[in-house]
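We did not get these values from a lab; they are worked out from the coordinates using the rules stated. Keep in mind that what you see is a predicted model, and the values were worked out from it rather than measured. FYI the Cβ positions are ideal-geometry reconstructions off the backbone, even for glycines, and counts take in every protein chain you see.
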Number of protein chains: 2
Amino acid sequence: MAAPDDARHLASWNDGPATASIREFVARVTTDGSPDFVPPEERVAVFDNDGTLWCEKPMPIQLDFILRRLAVMAEEDPSLRERQPWQAAYTQDFGWLGQVVAKHYHGDDSELPVLAAGVLQAFGGITVEDFEAQADTFLRDTQHPTLGRGYLACAYTPMVELLRYLEAKGFANYIASGGGRDFMRPISQEVYGIPRQRVIGSSTALDWEPGEPGGRIVRKPEADVLDDGPAKPVRIWSRVGRRPILAAGNSNGDIPMLQFARGPSRPGLRLLVLHDDPEREFDYTAGA
Amino acid sequence: MAAPDDARHLASWNDGPATASIREFVARVTTDGSPDFVPPEERVAVFDNDGTLWCEKPMPIQLDFILRRLAVMAEEDPSLRERQPWQAAYTQDFGWLGQVVAKHYHGDDSELPVLAAGVLQAFGGITVEDFEAQADTFLRDTQHPTLGRGYLACAYTPMVELLRYLEAKGFANYIASGGGRDFMRPISQEVYGIPRQRVIGSSTALDWEPGEPGGRIVRKPEADVLDDGPAKPVRIWSRVGRRPILAAGNSNGDIPMLQFARGPSRPGLRLLVLHDDPEREFDYTAGA
């Protein structure tokens with residue numbers, strides 16, 4: 001049974017089976033004396049980000065960030081304008097980029113290295129603080145191309161309500177995203193109430209360079225971990241040291257993480273976001 | 001100025017410059033209105049473990065754990081008794097092991113791969129839960145070879161007091177150890193008050209294997225990251241997303257982490273544990 005004060009949470013959720021399942025699960029694991037009671041320190045919930053917590057169409061927000069940087073590079077160095085991915089960024093050929101991403105979601109990564117190499121070069125050699133400042137500025141100052149609002153306003157209200165509800169019930173929410181960990185960190189507290197140490201995501205290889213005061217950490221033009229598919233449960237374990245009891249995702253890459261959110265002796269809730277609202281958002285199932 | 005209630009903390013510390021520096025630093029970063037005030041969410045403190053928070057002589061505690069497992073393997077399979085590191089473990093030839101570790105601290109890793117290969121095989125193929133249960137049982141049930149107490153009682157009282165003092169002052173304490181992350185996690189809360197998600201350390205490569213309910217995460221017989229030297233600041237950043245303002249260590253491998261605990265615009269405190277008490281503990285500086 002949901003507690004009476006639960007009504008103030010999930011205000012924008014329709015009364016339906018998904019909402020009822022969430023309330024019922026939360027009541028079950030948080031009610032002292034319930035056979036499925038889970039102590040607060042073990043209430044770990046993990047959320048994919050792109051397409052789960054915020055909008056990922058017409059392209060992932062981080063891709064827009066990267067394309068703008070690639071376009072600036074091509075502006076400064078004309079020789080890059082003949083090479084992918086700079087050519088696509090410079091000429092705004094979103095078709096090329098869209099098919100690379102679509103192929104990835106269908107398991108074909110044949111063109112991903114071309115895109116990845118450009119992405120890694122785009123921010124190679126800068127400090128983690130400089131990268132974060134660039135991401136922060138971009139996210140605050142850039143409008144979504146079609147929704148008529150800034151990117152920071154592209155988080156889904158019902159999902160933000162779900163995060164707050166879980167937090168109020170003693171859960172620790174984590175972002176377990178295929179997107180870049182260091183791209184999301186500057187805004188995760190403000191947008192989701194998730195502190196930066198709870199952001200898990202893809203990473204670039206980093207190097208520590210000594211020097212006073214304190215040395216610096218620099219991004220290398222090398223991939224580290226693409227946090228997608230079976231890497232998600234491994235990264236969650238490595239960071240948290242616990243198996244989550246709730247996971248939410250929207251795409252094929254989230255399936256291992258969703259499966260992982262149920263232990264042999266523990267209840268678990270797995271949520272799937274389906275995009276079917278062409279009026280207020282987008283309607284798609286590719287890769288999902 | 002230290003606040004009056006600080007007196008109840010650090011009870012076993014002598015009145016000396018180290019204690020005064022710690023109290024002064026903590027007062028400076030936690031006093032509202034101080035020019036060096038640091039908001040609570042940015043008060044990150046990182047601690048090496050072996051030789052900093054607990055005893056590492058006559059050998060690191062985890063090495064004893066590994067040797068016992070290797071000896072059991074050699075007991076079961078006689079062919080292993082002729083090969084290192086099983087031979088050393090089976091015959092209790094601590095000389096061979098001691099010099100591998102001593103060489104490492106002097107920058108010579110020529111024999112480390114032999115030891116590492118055995119270590120990785122010792123726990124390859126088991127789930128992270130099984131590994132944790134083995135580590136937990138060992139740490140609770142095993143006596144230190146010379147100090148006449150169980151391993152869980154080998155944490156340094158003054159350092160545990162320091163952890164509690166910092167925690168009371170709004171710091172988040174992390175373990176940033178060259179030792180195994182998954183080895184320390186089962187006892188970090190109980191011994192240090194540090195929750196498992198704040199244990200950073202060396203890791204073995206992990207794999208997620210699907211299957212109901214929830215799949216499983218299995219240790220691969222492959223190294224992942226040795227969290228020592230310049231890897232320490234990188235791992236801290238990756239996990240926390242912040243530069244620490246306090247770091248404590250005792251060996252050469254801690255130098256980059258100690259340097260990292262001072263930002264361009266932030267105060268920082270760096271603590272070095274010197275082992276000079278042969279009566280109650282050990283007296284050594286090799287590798288430090």
> Which links in A:Lys57/A:Lys232; A:Lys57/A:Lys169; A:Lys232/B:Lys103 stretch past 29 Å when you go from one Cα to the other?
Replying inline: A:Lys57/A:Lys169; A:Lys232/B:Lys103
>> Which chymotrypsin sites (Phe, Trp or Tyr not before Pro) in the stretch A:120-163 sit in a loop by DSSP (not H, G, I, E or B) and have at most 12 other Cβ atoms within 10 Å of their own Cβ?
In response: none
>> Give me the dipole magnitude in Debye, nearest 20, for the stretch B:184-288 about the Cα centre, with unit charges on the beta carbon: positive for Lys and Arg, negative for Asp and Glu.
In response: 700 debye
> Can you list, shortest first and in nm, the gaps between the label point of A:Tyr105 and those of its counterparts in the other copies, using a point 7 Å from Cα in the C-beta direction?
Replying inline: 5.5
> Can you put A:Trp237, A:Trp54 in order, fewest other beta carbons within 10 Å first?
Replying inline: A:Trp237, A:Trp54
> Put +1 on the Cβ of every Lys and Arg and -1 on every Asp and Glu Cβ in the protein assembly as shown; which of B:Leu10, B:Ala261, B:Ala223 then has its Cα farthest towards the positive end of the dipole?
Replying inline: B:Leu10
> In debye to the nearest 20, how big a dipole does the stretch A:31-120 give about its Cα centre with +1 on each Lys and Arg Cβ and -1 on each Asp and Glu Cβ?
Replying inline: 380 debye
> Which loop-located trypsin sites (Lys or Arg not before Pro) does the stretch B:107-202 contain, where loop means any DSSP state but H, G, I, E or B and the Cβ has at most 13 other Cβ atoms within 10 Å?
Replying inline: B:Arg149
>> Can you tell me how chain B classifies by the Cα gyration tensor, rounded, prolate or oblate, using a/c under 1.5 as the rounded cut?
In response: prolate
> Treating the beta-carbon of each Lys and Arg as +1 and of each Asp and Glu as -1, no other charges, what is the dipole magnitude of chain A about its Cα centre, to the nearest 20 debye?
Replying inline: 760 debye
> Which one of B:Tyr151, B:Ala89, B:Ala74 is farthest out on the positive end of the charge dipole of the stretch B:43-175, using unit charges on Cβ (Lys, Arg +1; Asp, Glu -1) and the Cα centre as origin?
Replying inline: B:Tyr151
> Amide H to amide H under 5 Å from A:Leu271: which residues, 5+ apart in sequence or cross-chain, H placed 1.01 Å off N in plane?
Replying inline: A:Ala247, A:Ala248, A:Gly249
> Can you work out ³J(HN,Hα) from phi for every residue in the stretch B:64-81, in order, using Karplus 6.51 cos²θ - 1.76 cosθ + 1.60 and θ = phi - 60°, giving whole Hz and x for Gly and Pro?
Replying inline: 4, 4, 5, 4, 5, 5, 5, 5, 5, 4, 5, 4, 7, 10, x, 4, 6, 5
>> Tell me the angle of helix B:157-168 to the major Cα principal axis of chain B, expressed in degrees between 0 and 90 and rounded to the nearest ten.
In response: 60 degrees
> Using a label point 7 angstrom from Cα along Cα-to-C-beta, what distances in nm, from shortest up, separate A:Phe282 from the other copies?
Replying inline: 5.8
>> Tell me which trypsin sites (Lys or Arg not before Pro) from the stretch A:235-288 have a DSSP coil assignment and no more than 11 other beta carbons within 10 Å of their own.
In response: A:Arg280
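Using R₀ = 25 Å, calculate the FRET efficiency as 1/(1 + (r/R₀)^6) where r is the Cβ-Cβ separation of A:Asp93 and A:Tyr284; round to 0.05.
0.75
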